[in-house]
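Colleague: Quick one: structure below, then a few questions.
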Amino acid sequence: MSFLGFDERWAAYLKVAEMNLGGGTCVHGGRIAAVHRGAVEVLLVDGGGAPDGAPSRIDLDIPGHCRDSASWPPVVGDWVGVDDAGHILDILPRRTYLTRPSVGRTALEQPICANIDVVLIVEPVVPAASRGRIERFVALAHASGARPWVVLTKADLANPADLQELGEGCEEVLALDARSAADVARLVERLSGTVVVVGRSGAGKSTLTNTLLGATQTVGAVRESDHKGRHTTTGRQLVCGENFAVIDTPGVRALGATMDTEAIADTFADIHNLAASCHFANCSHGREPGCAVREACASGSLDADRLDRYLRMMAEAERLRCRSDARTARSQDRYASKENTRGRRETMRLKGKNRG
């Protein structure tokens, strides 16, 4: 089979899963390739008996011990233990977990995929690239535990000087034409493990994925007026290449900030380092005296727009955290109320027995 990512650590997790089940059940290792309503597609390590190693479609059967698990249901990229009957027995512990904030007013996070090594953030430079969107994706990647890489597509239509300025402050940046095999080959040489491709709709993600894998997905036509592609990927799918696996994702039209303030600080490391020199330890970088960050803006060494984007993300993260805390408190109150009701009913039942 092509690269799937199975290694000694996953094999050890499977052994533990077998031991937890009493040792009498044979547990096969599999990786979630796609999630459908009521069913998932699993790529089994042993191929599942299929000569071409095609995904085995397995009905989503929820084990009793998984019903209250925070990791359930499985997402694309998850490693699972599967029995001979085709039932998912357990989800193996995740190494990385990529989520995005809900677009609504809730603090719920929407899972994207798991066990990824690199987040390829695809951003077209024509029309104008969005630095804010790149920074938000980078922060989500940091929060997941994976490495963020920025890929600037449609670079053949842009001024090279603009590309260099756009990539300033990003650790891994590569400008390329997603249709060029030679350009993509430079990226392939550096890739390993499991890669997830993210970006806005029409950014060229499917074109890049096609070239990476040498496969053919549906690619939307590009409108000549604004050079925007049409949205083509409708669901998350894991596809195996020779030396790495790729997860393609639908385009994102609106992207909120992560709740993880440490991930935001990693994304804006220059501002975070400057903040260490502020006069007040809890400086908000507003009107406080002795603010090293504001002084850097005044001197021109820090872009004021970048600081504004940082402050907006931090404020958004704080609002999400407050909503999450309130939601958790309400959930705990409901649980306590239910337990209290059960306790009263049990007490009344026992009293009735004693009277009889």
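The values are calculated or read from the model by the stated rules, or taken from the named source; none is laboratory data. Every value quoted in this text rests on a predicted model; they were computed, and no experiment measured them. Ideal geometry is used to build each Cβ from the backbone, glycine not excepted, and the neighbour counts take in all protein chains shown.
Colleague: Hey, can you tell me all the residues within the range 16-46 that are loosely packed, with under 12 Cβ neighbours inside 10 Å and assigned to a helix (DSSP H, G or I)?
Modeller: 19
Colleague: Hey, does the range 98-120 have a residue that's in contact with a Lys or Arg (Cβ under 9 Å, 6 or more places away or on another chain) and among the acidic types (Asp, Glu)?
Modeller: Taking every residue of the range 98-120 in turn, at least one turns out to be in contact with a Lys or Arg (Cβ under 9 Å, 6 or more places away or on another chain) and among the acidic types (Asp, Glu).
Colleague: Take the residues in the range 134-163 that are modelled with pLDDT under 90 and in a helix (DSSP H, G or I), then tell me which one is surrounded by the most Cβ atoms within 10 Å (Cβ to Cβ).
Modeller: Of everything passing the filter in the range 134-163, 155 is surrounded by the most Cβ atoms within 10 Å (Cβ to Cβ).
Colleague: Find the residue count for the range 285-302, including only residues that are surrounded by 13 or more Cβ atoms within 10 Å (Cβ to Cβ) and at pLDDT below 90.
Modeller: Taking the range 285-302 first, the residues surrounded by 13 or more Cβ atoms within 10 Å (Cβ to Cβ) are 285, 288, 291-297, 302.
After this cut, where a residue has to be at pLDDT below 90 as well, the list is 288.
Qualifying residue count for the region: 1.
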